[in-house]
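What follows is a single structure, written as C-alpha cells, with notes after it.
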Amino acid sequence: MLFNTYCMKSSRLIRNIMKAVRVAQFGGPEVLKVEENVPIPKPQDNQILQCGTYAVKPALPYTPGNDVAGIVENVGKNVTTLKEGDRVFSMRTVTGGYAQFCLTEEQFTQPLDDNLTFEQGAALGVPYYTAYRATVISGENAFGGLEVYLSGKQIVVWSLKVGLACVQLAKNLGLTVLGTAGSKAGMDIVEENGCDFVFNHRSDNYTQQIMDATKGEGPDLIIEMLANVNLDKDLNMIKKKGRIVIVGNRGTIEINPRLTMAKECIVTGIVLMNSTPDDWKEMNASIQTGMQNGWVKPHIGKEYSLNQSSTAHNDVINNTGTQGKLVIKL
C-alpha cells in the first residue's frame, strides 16, 4: 500500500463486529466508506488476528491496507512464533488493514521492538524489506559478495518512502549515499537521515551535480523509484559495470539500449513478494537488528483517522512532494 494503518487496542474481544473501511466499487478516493458493523475475522491455522498486491484487483467489496502494526489478539493453532499480547507489525494482511482488527499470515508478521511506536511500525514493513532486498540482496549479487560490495561503493537513492529506508540501510552498511528529493523540506529529511550528498531532482542540472559528486564516474548502484520518468537518466549516470534496481514504475519509457552496451550495466526489477524463504529469513534478522540498534527509524509524514481514509488517498494521488509515510491511526 501507499500508506499504512495501525491499531493499539489490547482488550479482549467482547464483540463480534468492528469499524472498517469498505470499498464496494472501483474508483477514486470517494469510494472508501467507513462501515460500523463489519464482522471481526477469525484466524485460521497459520493466521494471526491483529488489532490494529498492487496490480491485482480484489473482489468487491473489500477492505484495503497491507502494512499494519498493533497487538496480537488471537492466533491460529499452528502459529508458533507469536502469541497473544505481542506487539507486532506486518507487511501483508488477509482481510485488509483499514479496520480495527485484521488477519495477517505468520510468515509476514514480525515482533515490533519497543524502540518503535505503533505509528512507526505501520510504516515499517514494505518500505524497509523492499529497501533491504533492493540495496543488499540485489547489490551484493551485482558486485560479487557483500565484502566487495561494501568497499567504497556509491549509491543513488531517489526520493522518500522506500528511498528513506534505503538511505538508513545504506548508511548503516557504510556506503556513500547520494539522495534526492523534490522539495527543500524533503531534502532536509534526507540529509537528517545521513545522506552524504543531497540533490533536488526538480532542478535542471541535478544529474550533472550527481556526476560531479562521483568525480565523473557515476554511482555504482541506483535504486530507482519512478523508472518511467528516470530510467534514461539512470542509464546516462550509472557507472560502468553498475546496477540499476527498479523498485517503482508507473508507465512506459523509451530508452536507447546502446547505453546499456556502453556501460555494460545491469537493469533489474524487484518485487518484495518474490522473495525466497532464505531472503525472508535474512531480511527479518536485519530489520530486527536495525530496530534494536536504532538505524531503523520510519519517518511519519502525516496521520489520519479511519474516517479520513479518502482524504489520505487523495493526498497520495495529488501530492507534490510527500515528506514521509502517511498513517491511518485508529
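Worth pointing out:
- Count of region 272-330 residues which are assigned to a strand (DSSP E or B) and within 15 Å of the chain's Cα centre (by Cα): 5
- Members of region 1-41 that are open to solvent by 50 Å² or more (accessible area, probe 1.4 Å), over 15 Å from CYS102 (Cα atoms), in a loop (DSSP other than H, G, I, E, B) and modelled with pLDDT of 50 or more: ALA24, GLN25, PHE26, GLY27
- Candidates THR109, THR117 - the one that is in contact with a strand residue (DSSP E or B) (Cβ under 7 Å, 6 or more places away or on another chain) and β-branched (Val, Ile, Thr): THR109
- Pairs linking a residue in region 27-45 that is farther than 23 Å from GLU106 by Cα to a residue that is outside any strand (DSSP E or B) and open to solvent by less than 30 Å² (accessible area, probe 1.4 Å), with Cβ atoms under 7 Å and 6 or more positions apart or on different chains, are LEU32/SER309; VAL34/LEU306.
- For region 45-60, a tally of residues being out of contact with any Lys or Arg (no Cβ under 8 Å at 6 or more places or on another chain), in a strand (DSSP E or B) and aliphatic (A, V, I, L, M) returns 1.
- From ASN115, ASN141, residue being open to solvent by 20 Å² or more (accessible area, probe 1.4 Å) and either of a type in the set (A, V, I, L, M, F, W, C) or at pLDDT 90 or above (or both): ASN115
- Residues that are touching a strand residue (DSSP E or B) at 6+ places or on another chain (Cβ under 9 Å), open to solvent by less than 40 Å² (accessible area, probe 1.4 Å) and not hydrophobic (A, V, I, L, M, F, W, C), drawn from region 269-312: ASN284, GLN288, PRO298, TYR304, SER309, SER310
- Residues being in a loop (DSSP other than H, G, I, E, B), closer than 20 Å to ASN307 by Cα and open to solvent by 40 Å² or more (accessible area, probe 1.4 Å) - total across region 61-92: 1
- Reported count of residues in region 93-102, each being in a loop (DSSP other than H, G, I, E, B) and of a type outside the set (A, V, I, L, M), is 5.
- Residue in region 294-302 that is touching an Asp or Glu at 6+ places or on another chain (Cβ under 6 Å) and not acidic (Asp, Glu) present: yes
- Test: residue in region 70-82 that is in contact with a Leu (Cβ under 9 Å, 6 or more places away or on another chain), among the charged types (D, E, K, R) and either modelled with pLDDT under 90 or under 17 Å from VAL327 (Cβ atoms) (or both): no
- Some residue of region 226-236 being open to solvent by less than 50 Å² (accessible area, probe 1.4 Å), farther than 22 Å from GLY294 by Cα and touching a helix residue (DSSP H, G or I) at 6+ places or on another chain (Cβ under 6 Å): yes
- Yes/no for SER203 being closer than 28 Å to ASP67 by Cβ, over 17 Å from the mean Cα position of the chain (by Cα), among the hydroxyl-bearing types (Ser, Thr, Tyr) and surrounded by fewer than 19 Cβ atoms within 10 Å (Cβ to Cβ): no
- For region 237-252, the candidate set comprises residues that are open to solvent by 60 Å² or more (accessible area, probe 1.4 Å) and over 15 Å from MET211 (Cβ atoms); within that set, the residue that is nearest to the chain's Cα centre (by Cα) is ASN249.
The values are calculated or read from the model by the stated rules, or taken from the named source; none is laboratory data. Just so it is clear, the structure is predicted and the values come from calculations on it, not from any experiment. Note that each Cβ is placed from the backbone with ideal geometry, even for glycine, and that neighbours are counted across all protein chains shown. Heavy atoms of the whole protein, side chains included, go into the accessibility calculation; ligands, DNA and RNA do not. Shrake-Rupley method; radii C 1.70, N 1.55, O 1.52, S 1.80 Å.
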